[in-house]
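Every read-out reported here was derived from the displayed coordinates using simple, explicitly stated rules and does not represent laboratory data. Note that the coordinates shown come from a computational prediction; the quantities given were computed from them, not determined experimentally. Cβ: placed from backbone, ideal geometry, glycine included. Neighbour counts: every protein chain shown.
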Amino acid sequence: MKVQEILNNLETKHPGEKEYLQAVQEVLESIETIYNENPQYESAKIIERLVEPDRIITFRVSWVDDDGNVHVNLGHRVQFNNAIGPYKGGIRLHPSVNLSILKFLGFEQIFKNALTTLPMGGGKGGSDFNPKGKSDAEIMRFCQAFMLELWRVIGPNTDVPAGDIGTGGREIGFMYGMYKKLQMENSGVLTGKGLNWGGSLIRPEATGFGATYFTKDMLKTQNDSFKGKTVCCSGFGNVTWGVALKVTELGGKVVTISGPDGYVYDKDGLDEDKIDYLLSLRASNNDIVSPYVEEYPEAVFYPGKKPWEVKCDIAMPSAIQNELNGEDAAQLVANGVQYVAEVSNMGCTPEAIEVFHNHKIPFAPGKAANAGGVGVSGLEMSQNAMKINWTKDEVDAKLHQIMSSIHVACEKYGTEEDGYINYVKGANIAGFIKVADAMLDLGVI
């Protein structure tokens, strides 16, 4: 495999799609050796087929606001690869949404889903619609208009969307209501549903819980634990909420949260009341975190800054892609960080990852550490198919098992001669082998 040649061809075909090209480059560089050792992959052109989505659906979404004004947004669904199961991936509603971001997320989702051991392919979707500041009625009209186009190409055994940034239980409910009306069926076509109409327990917390479980196993390889550890997080939504809950339960202390306006440092750490406050802060339909210090004056707000300047034992970026760069990584290393777990999708830039690897800092990539959310979505699909509901403890135990199996796979394929575990390499190789072998079994289609 000639990595640079493939990347050059992709850049020619898809100019300017930097997030997508970054995601592809990371995977190709990790799997180059194993790919070249297996000529059957080359003869079947697995890479050339894998880096291009099966299809991309783009559509207009027209909706009317409360004042009677008509608005037009773009909707997309990227169905990337279904070799091991139906396409599976969230719907992102955010002004930044474009095809490069959705293709990067969909490509990552292929390997993330494969790592869970559940039969799910990779996909992603969304719109440049901004739910912030919109009324419930406006959200409903947009979601219904979005689903009027999307319903034709999804289904419980075809493509199962879920929530993502901007798409929570409210939005999933409006989308599912319209799908149900159009398709005239109750099915597991969407995950992240409400608990009283098909949802799974601990789904909102699952990404954060799963990342913490993965990090716990990462610490265990060093005969270490969360007990007494200081943890820096970014974001302040469901993902950070889940991390804070589980880290606190395991004896660690989360001391930062962040938003577009800056970050909050709370030296005392987030306790149960503060963690609950995160949810109310997010529910206030406002992106800013500065009100935290009004509620808890012992904390300090740093406007326009990122939390990676704070001294910590463990850094867990939990907000958005490329939020932690090379300079941030160097600052963390200088301050003595011992572990880094990427809870957001591709939360660290390639330069940041290089810094961590060069300093032999155990680093968990998002496609491994962040797989808990889609893992529980897969469990929700199973519950829907069987028309049952598992208890919170049952779902949590299955999630723990999924994350432990992912860590085992990363350790198997990522352990280097000096004993350092390259989790990026391990995750990419483990996910790739599963998908590539399935593609070989299915023939050229």
Taking the chain as a Gaussian network, where each spring joins two C-alpha atoms under 10 Å apart, which residue of Pro131, Pro260, Pro350 fluctuates the most?
Pro260
Going residue by residue through the stretch 140-145, the Karplus relation 6.51 cos²θ - 1.76 cosθ + 1.60 with θ = phi - 60° gives ³J(HN,Hα) values, rounded to whole Hz and with x marking Gly or Pro, of 4, 5, 5, 4, 5, 5
Apply the Kirkwood formula to the chain: the hydrodynamic radius equals the inverse of the mean of 1/r over all pairs of different alpha-carbon atoms; give it in Å with one decimal.
22.0 Å
With a 10 Å Cβ neighbour count serving as the proxy for reagent exposure, in which order, fewest first, do Thr158, Thr415 appear?
Thr158, Thr415
Over 28 Å (Cα to Cα) - which of Lys88/Lys132; Lys112/Lys392; Lys124/Lys360; Lys18/Lys311 fall in this group:
Lys124/Lys360; Lys18/Lys311
What helix-only [θ] at 222 nm does the chain give? Using -39500 (n - 2.57) per DSSP H run of at least 4, over all residues, to the nearest 500, the answer is -15000 deg cm²/dmol
Suppose a student asked you for the relative contact order of the stretch 3-186, using Cα pairs under 8 Å spaced at least 6 residues apart; what percent would you report?
22 percent
Just to confirm my numbers, what's the Cα centroid distance between the stretch 66-100 and the stretch 105-136 in Å?
8 Å
Roughly how large, in nm² to one decimal, is the mean projection of the convex hull of the alpha-carbon atoms in the stretch 161-263?
8.0 nm²
Interchain or long-range residues, amide H under 5 Å from Ile202's placed H:
none
Residue by residue through the stretch 290-296, the couplings from Karplus 6.51 cos²θ - 1.76 cosθ + 1.60 with θ = phi - 60°, in Hz, x for Gly and Pro, are 4, x, 4, 6, 6, 6, 10
Those trypsin sites (Lys or Arg not before Pro) in the stretch 302-373 that DSSP places in a loop and that have at most 16 other beta carbons within 10 Å:
Lys305, Lys311, Lys360
List the residues whose amide H sits under 5 Å from the amide H of Glu342, counting only those 5 or more places along or on another chain, with H placed 1.01 Å from N in the peptide plane.
Ala364, Gly366
Could you check the simple spin-label distance between Glu351 and Glu272, using points 7 Å along Cα→Cβ, in nm with one decimal?
4.4 nm
Taking R0 as 25 Å, what FRET efficiency do you get between Ser382 and Leu148 from their Cβ-Cβ distance, rounded to the nearest 0.05?
0.30
Taking Rh as the Kirkwood radius computed over alpha-carbon pairs of the stretch 206-364 and applying Stokes-Einstein at 37 °C with viscosity 0.692 mPa s, one gets a diffusion coefficient in µm² s⁻¹ of 216 µm²/s
Identify which of Glu48, Glu138, Glu205 has the largest mean-square fluctuation in a Gaussian network model of the chain, with springs joining Cα atoms closer than 10 Å.
Glu48
Give me the percent of DSSP beta bridges within the chain that run antiparallel, rounded to the nearest 5.
55 percent
Expressed in nanometres to one decimal, the distance between label points 7 Å along Cα→Cβ at Ile445 and Ser225 is 4.8 nm
Considering only Glu19, Glu298, Glu380, give the residue with the highest GNM mean-square fluctuation for the chain, with springs between Cα atoms whenever their separation is below 10 Å.
Glu298
Cα gyration tensor of the stretch 87-164 diagonalised, 5x eigenvalues square-rooted, in angstrom largest first, produces semi-axes 24, 15, 10
Could you give the length gained on full extension between Val408 and Leu250, defined as 0.36 nm per residue of separation minus the Cα-Cα distance, in nm?
54.8 nm
DSSP beta bridges in the stretch 206-364, what fraction antiparallel, as a percent rounded to 5?
40 percent
Answer check: the stretch 3-186, Cα atoms, Kirkwood Rh, Rg/Rh ratio of 1.02
HN-Hα J in Hz across the stretch 11-20 - Karplus 6.51, -1.76, 1.60, θ = phi - 60°, x for Gly and Pro
5, 5, 6, 10, x, x, 8, 5, 5, 4
Which of the aspartates and glutamates could be linked to Lys2 by a straight reach, that is with a Cα gap under 12 Å, when you skip same-chain ones fewer than 8 residues away?
Glu29, Glu32, Glu42, Glu48
May I ask what percent, to the nearest 5, of DSSP beta bridges between residues of the stretch 1-150 are antiparallel?
75 percent
